[in-house]
Structure formats: structure tokens, C-alpha cells
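All remarks here apply to the structure that follows.
The numbers here are math on the coordinates, done by the rules we state, and not lab data. None of these values were measured; they are calculated from a predicted model. Here the Cβ positions follow ideal geometry from the backbone for every residue, glycine too, while neighbour counts run over all protein chains shown.
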Amino acid sequence: GAVVSQHPSWVICKSGTSVKIECRSLDFQATTMFWYRQFPKQSLMLMATSNEGSKATYEQGVEKDKFLINHASLTLSTLTVTSAHPEDSSFYICSARTGGRGNEQFFGPGTRLTVL
Amino acid sequence: AQSVTQPDIHITVSEGASLELRCNYSYGATPYLFWYVQSPGQGLQLLLKYFSGDTLVQGIKGFEAEFKRSQSSFNLRKPSVHWSDAAEYFCAVATGANNLFFGTGTRLTVIP
């Protein structure tokens, strides 16, 4: 149980275009989802916390107008990278949290974004 | 403020040898501690977690970790490493706000 999927697994786009990444909890309802960014050979950096039905909370330094997050249902959150540029190229990972003890997060497989 | 330190960036061990990956944390309250493993180009898989109780925690794939409050440590161990264990390992602490903070990771190389 507790499976999280992401789509697409990889995407290549031209500079200036927008890209949408989906994160789904397949077998549980997630009131909270998280979006992380991971640069090569580095750790995961939390970008934002997304609660179903409310606005996302962004970490300091993350541009909310550039990284649009929508958490429309208890099983789906989307991250849209608007007007993508090469410096946005990265590995984006989402996670979903159940309401259980310790609030364990379950991670998706990640999305590799390459902006040309 | 919370922080997680993994002092070893890269560790190389021979297959069959024992393994210990170090993790130190800084957090004012009782921490929730986690170890995750990441294979190249993949997401994170939870190996084990500590919330409370027995300080020696058993996880999947033969891993275990020991919480030592006096040393603010949560080191990961495995008695005999397999080639398939080669990956990146992340220690993480969950705060009162239930957000995860990750260490910088330790890359494990296993040589035959």
C-alpha cells in the first residue's frame, strides 16, 4: 500500500514553455503533498507544501508564480513550471502524507525535467 | 533549528562486508528519524523509521539503525552488504510541523 505515482517520469521542453507534473496517491488519501527539487548529486530540497483545497505554502526562495501548485483533490497534486528555463532543469519529486502516526511521507518516483 | 548531517559523502565497501552510515541530527524536541534509499534516477524508498520505544530499529533489506539520544545520532547498519545495496542513502528528521529535512546523502559503492 501507500503508492505514489508521478507523471511524466521525464520531460524535455523548450525554454519559455510550461510543463505540468502530476503527483497521485494511488491507494490512500493524502491531505498533504510535498514537492521537492533535487539537483545532481545533492539532497532533496523542499519547495512547497500543498494541502488539499488550500493554497500551497512555499519555502523561502521558491518563486510561487513560477512553480504553480494545485492540490485539487485528496489524491492529486500538480506542479506547473511556468516559462521554464534551463536553470529549472532538475529532478522533481513529490511525496504524500497520510494522517498516521509520525506522518510518514511516501515518495513518488520523480520526474526528470530538461529544459533546452 | 533542525538539521541533519551525514559526514560521509561517499563510502566504498566490499560485497559481504559490514556497513555503517553515519547520521547526526539537531532538533530541540524528540525527533522522528528516517533512513531512505535512492537508486539512480529513482524516488526514495523508506528503509526504516524511529518514532519512539526501542532504540534499535529494524528495517527492510536487512538494515537496522540505532537511535542514540546522547550522541544525537541515528546510524544505519547492515552486517553484510550486497551489490544491489549500491545507492544513495539519505537520513531525515521530521519536525513538529511534520516536514522532512534531509541530510546531504551518502553514496554507497559496493565492489565485488
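Under 18 Å of direct C-alpha separation, and excluding same-chain neighbours fewer than eight residues apart, residue A:66 reaches these aspartates and glutamates: A:22, A:87, A:88.
Could you check what % of the DSSP bridge pairs in the protein assembly as shown are antiparallel, to the nearest 5? Mind showing how you got there, number by number?
Numbers: 71 of 80 bridges.
In the protein assembly as shown, approximately 90 percent of DSSP beta bridges are antiparallel ones.
Within straight-line reach of residue B:49, meaning a Cα separation under 27 Å, sit the following lysines at least 8 residues removed in sequence or on another chain: A:41, B:61, B:68, B:78. Which shape class applies to segment A:45-90: rounded if a/c is under 1.5, otherwise prolate when a/b exceeds b/c and oblate if not, where a ≥ b ≥ c are the square roots of the Cα gyration tensor eigenvalues? Taking the square roots of the gyration eigenvalues as a ≥ b ≥ c, segment A:45-90 is prolate.
Sequentially through segment A:38-50, phi angles give Karplus couplings (6.51, -1.76, 1.60; θ = phi - 60°) of 10, 7, x, 6, 10, 7, 7, 10, 5, 9, 7, 10, 10 Hz, Gly and Pro residues having no value and appearing as x.
Mean per-residue shielding of peptide B:39-48 is 5, counting Cβ atoms of other chains within 10 Å of each Cβ. At a Cβ-Cβ separation cutoff of 4.7 angstrom, cysteine residues of the protein assembly as shown with no neighbouring cysteine are A:13.
Rg and Dmax, both from the Cα atoms of the protein assembly as shown and both in Å, are 17.7, 52.
Beyond 20 Å, what share of the Cα-Cα pairs of chain A is found? Please give it as a whole percent.
Working: 2378 of 6670 pairs.
Pairs farther apart than 20 Å: 36 percent.
Scoring A:46-53, A:11-18 by mean Cβ neighbours within 10 Å over their residues and listing the highest first yields A:46-53, A:11-18. Histogrammed with a bin width of 5 Å, the alpha carbon distances of segment A:1-62 distribute as 4, 13, 18, 25, 24, 12, 3, 1 percent, first bin at zero. Extension gain for residue A:65-residue A:114 works out to 15.7 nm (0.36 nm per residue, less the C-alpha to C-alpha distance).
Given Cα pairs under 8 Å that are at least 6 residues apart, what percent is the relative contact order of chain B? Display every interim value, and only then the final one.
On the way: 281 pairs, mean separation 42.3, N = 112.
Relative contact order of chain B: 38 percent.
Might you report the magnitude of the Cβ-based charge dipole of the protein assembly as shown about its Cα centre, with Lys and Arg at +1 and Asp and Glu at -1, to the nearest 20 debye?
On the way: 19 positive and 17 negative charges, 30 e Å.
I would put it at about 140 debye.
Per residue of peptide A:40-50, the mean number of Cβ atoms on other chains within 10 Å of the residue Cβ is 4. Evaluated with a Cβ-only charge set (Lys, Arg +1; Asp, Glu -1), chain A carries a dipole of roughly 100 debye about its Cα centre, given to the nearest 20. Overall, the anisotropy analysis places segment B:40-112 in the oblate class: the square-rooted eigenvalues a ≥ b ≥ c of its C-alpha gyration tensor yield a/c not less than 1.5, with a/b not exceeding b/c. When the Cα positions of B:10, A:86, B:41 are compared along the charge dipole of the protein assembly as shown, A:86 comes out farthest toward the positive end, with charges on each C-beta of Lys, Arg, Asp and Glu. When +1 charges are put on Lys and Arg Cβ atoms and -1 charges on Asp and Glu Cβ atoms, the dipole computed for segment B:1-96 relative to its Cα centre reaches about 220 debye.
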